[in-house]
Amino acid sequence: MATVHIQEAEAARDLPGLLARVRAGEEVVIVNETAPAVVLRVAAQPPGRLLSESIAMAERHAAELGYEPRMDPEFAADLEEIIRNRKPRDTSAWE
């Protein structure tokens, strides 16, 4: 990853271009006078979890508890409403 040092005034003139460089993998150090003021870099993405891993974790947790956890009635009602009101995915932009 390349590191680029630029003056604060230059960063202010072209923020969209600066962000594009950061998204492309550059690390940008914005300096004020001679001291670094801000460092911009793409944030590390936290690792995701597969659904199968989540199910396995839930099964292990239930085994540790000795019983199946029950969903809170209010949460269950909210979840049912979400499912009832969901709309089909619009995939027209994918084509």
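All of the numbers you see were taken from the coordinates with simple rules; none came from a lab. What you see is a predicted model; the values in this text were computed from it and never measured. Because the Cβ atoms are built from the backbone with ideal geometry, glycine has one as well, and the counts that use them run over all protein chains shown.
Computed quantities for the displayed model
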read-out: Mean ellipticity per residue at 222 nm, deg cm²/dmol - from DSSP H runs of n ≥ 4 across the chain, formula -39500 (n - 2.57); value: -13000 deg cm²/dmol
read-out: DSSP bridge pairs, the chain: antiparallel proportion in percent, nearest 5; value: 50
read-out: From the C-alpha gyration tensor of the chain, square roots of 5λ in Å; value: 46, 22, 14
read-out: Rounded to 10°, Cα long-axis angle of helix 51-65 versus longest principal axis of the chain; value: 50
read-out: Vicinal HN-Hα couplings computed from phi for the stretch 84-91 (Karplus, 6.51 cos²θ - 1.76 cosθ + 1.60; Hz; Gly/Pro x); value: 5, 9, 5, 10, x, 5, 8, 9
read-out: Label-point separation in nm, residue 94 to residue 27, each point 7 Å along Cα→Cβ; value: 3.7
